[in-house]
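K.L.:
Have a look at the structure that comes next, please.
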C-alpha cells in the first residue's frame with residue numbers, strides 16, 4: 001500500500017459523525033443540517049431539458065478534452081464575467097472540462113509536484129478545504145499552512161511566509177471567496193501573489209468555486225485571470241483557476257467544472273487526465289453548456305442567498321456578534337464558549353441542528369489552531385429552515401448565557 005495514505009487525517013465529516021454518535025438529540029425537533037456545503041436550491045429547468053434532449057449521447061465515449069462547444073461556452077463566460085479581452089483565452093489550449101473542482105484540485109497536485117526535488121512544499125490556507133492537504137501528501141509534498149485568523153480579517157497571512165519557504169514552494173492553493181470564512185482576496189493581494197509566483201516560479205491554483213455567490217451585486221469577487229490580464233500577464237504563466245457549476249447553478253450532482261489558464265500547464269494536465277480516465281460524459285457536457293450560457297438562474301440564486309443571510313442574521317444579531325461575509329454561503333461564527341466541539345455537540349443535542357466545528361477544518365501550526373472556537377454554518381437549507389435554525393440557535397445562546 002502507498003505509505004502516504006497513513007499520513008492522511010480523518011475527513012471533517014468523519015470527525016463530526018464520531019462526535020455525534022453518542023449524542024441523543026431532541027426528538028421533538030426536526031433535524032436541520034447546516035454542516036455540509038451542499039446547495040439545496042432547485043436546479044434550473046433548463047438543465048433538465050438539456051439532459052433529456054441529449055440522452056442518446058450516453059452511447060458514446062467522451063473525450064478528455066471535451067466538446068469544442070463546451071470549451072467555447074466556458075471561454076465566453078470567463079471573458080464576460082471578468083471583462084477579459086476577446087483573444088486572451090484559447091478554448092483549445094487553455095481550458096479543460098473536469099468532473100467538479102474537487103477531483104481536479106486533487107489531481108492537479110499529482111501533475112504539478114516534482115517530488116524528486118528536495119523538500120517540495122504545497123502552501124495552502126488554514127482553515128482550508130481538506131482536499132488540498134490530501135493532494136499534497138499523496139503527491140509526495142509537505143503541506144505548509146498559512147493561518148487566516150481574526151487578526152488578518154480571515155485572509156491568509158501571506159506576509160508571514162519567509163523567503164526560504166517560498167523557495168521550496170511548488171504549488172500554492174488559494175480560495176476566494178474562502179471556505180469557511182467567505183472572505184474575498186482583493187486585487188492588490190492577488191497581484192502580490194502573482195508577482196511572488198513569477199519570482200519564485202511556482203504554480204498558483206485558484207479555487208474560485210464560490211465566485212458567483214456574493215453579497216454586493218456591484219462588486220463581484222475578482223478572479224486570478226482577471227488580475228493577471230490587468231497586469232499584462234496575458235499568457236497566464238503559472239496560473240490556473242478552478243470553477244464549477246455546483247454552487248453557481250445548484251447542481252452538485254452534475255459533477256461539472258473546468259480548469260483554465262497557463263496553456264503549458266493545461267497541456268500537461270490534459271496528459272495526466274488522459275491516463276486518469278476522468279472524461280466528462282457528453283450528456284453532462286450539453287447540460288453544462290446550457291448552464292454556462294445562462295445568467296438569469298444565477299441572479300435568482302444570489303438573491304435567494306442574500307435573503308437567507310439577512311433573515312438569519314437579523315434573528316441572531318441581538319445575541320451574538322454575526323455578519324454576512326462578502327462571498328460564499330457560509331457563516332464563520334465565533335462561539336461564546338470558545339469550545340467549538342462543545343458548542344456543536346450541545347447545539348445538536350438541545351436543538352437538533354448540525355454545524356461543523358472549525359477546528360476540524362484547520363491544523364495547529366506552532367501553538368495556534370485558527371479554527372478553534374469557531375463553527376461553520378452552511379446556509380444551504382431552504383429559507384424557512386434557515387429561519388427556524390436561527391431561532392433555535394438564538395434560544396440556545398440565550399440559555400447558554402444564562
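K.L.:
Do you know which residues across the range 37-65 are out of contact with any helix residue (DSSP H, G or I) (no Cβ under 7 Å at 6 or more places or on another chain) and in a loop (DSSP other than H, G, I, E, B)?
P.N.:
Across the range 37-65, the qualifying residues are 37, 40, 42, 53, 61, 63.
K.L.:
Search the range 11-29 for residues being over 19 Å from residue 342 (Cα atoms) and out of contact with any helix residue (DSSP H, G or I) (no Cβ under 8 Å at 6 or more places or on another chain), and hand back the single one that is surrounded by the most Cβ atoms within 10 Å (Cβ to Cβ).
P.N.:
Per the stated criteria, the residue is 27.
K.L.:
In the range 353-376, which residue that is in a loop (DSSP other than H, G, I, E, B) and touching a strand residue (DSSP E or B) at 6+ places or on another chain (Cβ under 7 Å) is surrounded by the most Cβ atoms within 10 Å (Cβ to Cβ)?
P.N.:
Among them, the one singled out is 370.
K.L.:
Kindly state which helices (runs of 4 or more DSSP H) lie completely within the range 173-255 and contain at least 3 residues that are in contact (Cβ under 8 Å) with a residue 12 or more places away in the chain and crowded, with 23+ Cβ neighbours inside 10 Å.
P.N.:
Qualifying helices (runs of 4 or more DSSP H): 224-231, 246-249.
K.L.:
OK, next. Would a scan of the range 114-136 turn up a residue that is on the phi > 0 side of the Ramachandran plot, in a loop (DSSP other than H, G, I, E, B) and over 23 Å from the mean Cα position of the chain (by Cα)?
P.N.:
Yes, the range 114-136 has at least one match.
K.L.:
Go through the range 327-343 residue by residue and tally those that are farther than 15 Å from residue 247 by Cβ and in a loop (DSSP other than H, G, I, E, B).
P.N.:
Qualifying residue count, the range 327-343: 5.
K.L.:
For residue 154, indicate whether it is on the phi < 0 side of the Ramachandran plot, surrounded by 16 or more Cβ atoms within 10 Å (Cβ to Cβ) and at pLDDT 95 or above.
P.N.:
Taking the combined requirement at face value, the residue does not satisfy it.
K.L.:
I need a count of the residues in the range 198-226 that are closer than 30 Å to residue 303 by Cα and in contact with a strand residue (DSSP E or B) (Cβ under 9 Å, 6 or more places away or on another chain).
P.N.:
The number of residues fulfilling the criteria is 16.
K.L.:
I need the full set of residues from the range 1-35 which are in contact with a strand residue (DSSP E or B) (Cβ under 6 Å, 6 or more places away or on another chain) and part of a loop (DSSP other than H, G, I, E, B), in order please.
P.N.:
Within the range 1-35, 34, 35 meet the criteria.
K.L.:
Right, next: List the number of the failed condition for residue 303; all other conditions in (1) closer than 30 Å to residue 385 by Cβ; (2) outside any loop (DSSP other than H, G, I, E, B); (3) touching a residue at least 24 places away in the same chain (Cβ under 8 Å); (4) out of contact with any helix residue (DSSP H, G or I) (no Cβ under 6 Å at 6 or more places or on another chain) hold.
P.N.:
All conditions pass for residue 303, except number (3).
K.L.:
Next question, about the same structure. Determine if the range 261-277 includes at least one residue that is touching a helix residue (DSSP H, G or I) at 6+ places or on another chain (Cβ under 7 Å), assigned to a strand (DSSP E or B) and crowded, with 20+ Cβ neighbours inside 10 Å.
P.N.:
yes
The values are calculated or read from the model by the stated rules, or taken from the named source; none is laboratory data. These figures come from a predicted structure and were not determined experimentally. Counting neighbours? That spans all protein chains shown, and the Cβs are built from the backbone with ideal geometry, glycine included.
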